[in-house]
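One structure is given here, and the rest of the page talks about it.
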Amino acid sequence: MRTLRLGAEQLPQRVGELAELLADTVNGGASVGFLAPLAREPAVAWWRGRAAAVAAGQLAVWVALDDGGRAVGTVGLAFPHPDKPNSPHRAELVKLMVHRDARGRGVGRGLLAVAEEAAVAAGITLLHLDTETDSPAEHLYRSAGWTRAGVIPDYALDPHGVLRPTTLYYKHVGAPAG
């Protein structure tokens with residue numbers, strides 16, 4: 001697996017692949033903010049909508065490529081908005097997705113490690129995320145050293161429209177500020 005950070009120029013070139021990955025993830029039952037069935041067009045529009053945040057440095061996106069160069073996974077880091085001067089030390093891990101036919105091969109773990117290393121390089125010392133409670137992703141986060149902070153009941157609809165709880169996680173990375 002090769003991992004590539006997508007800048008403002010590369011993201012538009014990969015929108016189609018990323019849309020297919022998003023649709024596969026949602027249609028496979030993963031809760032990443034969309035309802036199934038997710039068609040290609042809204043997935044393309046969602047990814048295009050991320051371009052401004054990538055260009056502004058508020059969002060970093062990585063893509064995992066298989067040996068043939070096909071996008072099989074992605075992850076993002078959302079950095080704090082400049083109007084939040086009390087939180088330059090933290091970032092949110094967002095949209096960790098792995099194509100169904102690439103799962104079980106370490107793609108998710110590899111993407112998680114890349115995002116954590118990039119966070120440290122950017123001076124981030126605290127990462128946080130939310131994920132559907134009892135989802136397969138919870139095992140990945142726990143085994144990668146993330147700490148469960150708590151559960152919010154009835155947080156979001158899963159891809160099938162059923163209200164589900166979400167679990168909040170955090171992880172200290174790098175050296176603490178100050």
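Some notes on this structure:
- For Gly174, the conditions (1) on the phi < 0 side of the Ramachandran plot; (2) crowded, with 17+ Cβ neighbours inside 10 Å are fulfilled apart from (1).
- Scanning region 135-156 for residues being of a type in the set (Asp, Glu) and either in a strand (DSSP E or B) or free of Cβ contacts under 8 Å to residues at least 24 places away in the same chain (or both) gives a total of 1.
- When residues of region 22-37 are limited to those that are buried (at least 20 other Cβ atoms within 10 Å of the Cβ) and touching a Phe, Trp or Tyr at 6+ places or on another chain (Cβ under 9 Å), the one farthest from Asp66 (Cα to Cα): Val26
- All of Tyr155, Tyr169, Tyr141 fail the test of being hydroxyl-bearing (Ser, Thr, Tyr) and more than 17 Å from the chain's Cα centre (by Cα), apart from Tyr155.
- Qualifying residue in region 74-88 (condition: under 26 Å from Leu163 (Cβ atoms), in contact with an Asp or Glu (Cβ under 9 Å, 6 or more places away or on another chain) and not β-branched (Val, Ile, Thr)): yes
- Among the residues listed as Thr147, Thr74, Thr133, Thr125, the single one being polar (S, T, N, Q) and under 23 Å from Arg2 (Cβ atoms): Thr74
- Tallying residues that are closer than 14 Å to Leu127 by Cα, out of contact with any His (no Cβ under 9 Å at 6 or more places or on another chain) and among the small types (Gly, Ala, Ser) within region 57-106 yields 3.
- Members of region 135-155 found to be more than 19 Å from Gly110 (Cα to Cα) and crowded, with 16+ Cβ neighbours inside 10 Å, listed by number: Tyr155
- Selected residue [in contact with a strand residue (DSSP E or B) (Cβ under 6 Å, 6 or more places away or on another chain), crowded, with 19+ Cβ neighbours inside 10 Å and of a type in the set (Asp, Glu)] from Glu92, Glu116, Glu132: Glu132
- Meets criteria (of a type outside the set (D, E, K, R), outside any strand (DSSP E or B) and farther than 27 Å from Leu21 by Cα) for Pro159: no
- Tally, over region 77-131, of residues that are of a type in the set (S, T, N, Q) and closer than 21 Å to Ala43 by Cβ: 1
- For region 63-77, residues that are surrounded by 19 or more Cβ atoms within 10 Å (Cβ to Cβ) and either closer than 15 Å to Ala115 by Cα or of a type in the set (Gly, Ala, Ser) (or both) total 8.
No lab work stands behind these numbers, since they all come straight from the coordinates. The model shown is predicted, which means the values in this text are computed figures rather than measured ones. When we count neighbours, we look across all protein chains shown, and the Cβ atoms used for this are built from the backbone with ideal geometry, even at glycine.
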